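Asker: Structure in structure tokens, see below.
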Amino acid sequence: MAAAATATVPDIPYKETKPEEERIAEAAKIRSKFPDRVPVICERAATAKAGLPQIENRKFLVPEEMTMGQLVYIVRKRIKLPAEQAIFVFVNGKLPATSAKLADLYRRHKDADGMLYCAYASENTFG
């Protein structure tokens with residue numbers, strides 16, 4: 001059943017699925033309703049190997065105090081990645097420290113639409 005759900009998730013970047021105005025309105029609504037949460041879009045990196053699963057739900061609403069390490073753990077669980085396979089989660093093409101708070105990353109790296117975009121890959125492909 002999970003495989004069928006995964007197949008329905010398009011391999012199209014989130015930004016290309018909705019107009020910018022709609023994404024801005026969505027982020028503003030989320031931040032006003034949940035001011036202590038960070039809206040995160042986490043997608044498979046375009047450079048990721050084909051064998052790396054696509055995440056079923058790329059939208060996250062996480063506590064501001066969550067660390068990058070905790071987000072990586074959640075992403076690993078959601079894509080059912082084996083323990084022996086490495087995963088890297090990037091923000092703006094950079095690999096943040098696992099201790100970095102999502103609130104700090106949001107303040108420094110949020111997109112113009114008000115979302116924090118992350119990309120995951122099985123290799124450190126961004127250097």
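FYI, it's all coordinate maths here, none of it is from the lab. Keep in mind it's a predicted model, so treat the numbers as computed, not measured.
Asker: Kindly write out, for the range 107-114 in residue order, the coupling ³J(HN,Hα) from the Karplus curve 6.51 cos²θ - 1.76 cosθ + 1.60 (θ = phi - 60°), rounded to whole Hz, with x marking Gly and Pro.
Answerer: 4, 8, 10, 4, 6, 4, 7, x
Asker: Beyond 20 Å between alpha-carbons counts as too far, so tell me which of Lys49/Lys77; Lys33/Lys59; Lys49/Lys110; Lys49/Lys80; Lys59/Lys101; Lys15/Lys101 fall in that bin.
Answerer: Beyond 20 Å between Cα atoms: Lys49/Lys110; Lys15/Lys101.
Asker: Using a Gaussian network model of the chain whose springs link C-alpha atoms within less than 10 Å, name the residue from Val62, Val40, Val75 with the highest mean-square fluctuation.
Answerer: Val62
Asker: Once amide H atoms are placed 1.01 Å from N in the peptide plane, what residues at a sequence separation of 5 or more from Tyr120, or on another chain, have their amide H within under 5 Å of its amide H?
Answerer: Those lying under 5 Å, H to H, from Tyr120 are Glu43, Arg44, Ala45, Phe90.
Asker: Sticking with this structure for a sec: Tilt of helix 68-78 relative to the longest C-alpha principal axis of the chain, in degrees (0 to 90, nearest 10)?
Answerer: 60
Asker: Continuing with this model, one more query. Sequence-distant or interchain residues sharing an amide H contact under 5 Å with Ala100, placed H: which?
Answerer: For Ala100, the qualifying residues are Met68, Gly69.
Asker: Would you kindly give the portion of the calculated P(r) for the chain that falls above 26 Å, as a percent of all Cα pairs?
Answerer: Details: 1438 of 8001 pairs.
Result for the distance tail: 18 percent.
Asker: Take every DSSP beta bridge with both residues inside the chain and express the antiparallel ones as a percent of the total, to the nearest 5.
Answerer: Restricted to the chain, the bridges split so that about 70 percent are antiparallel.
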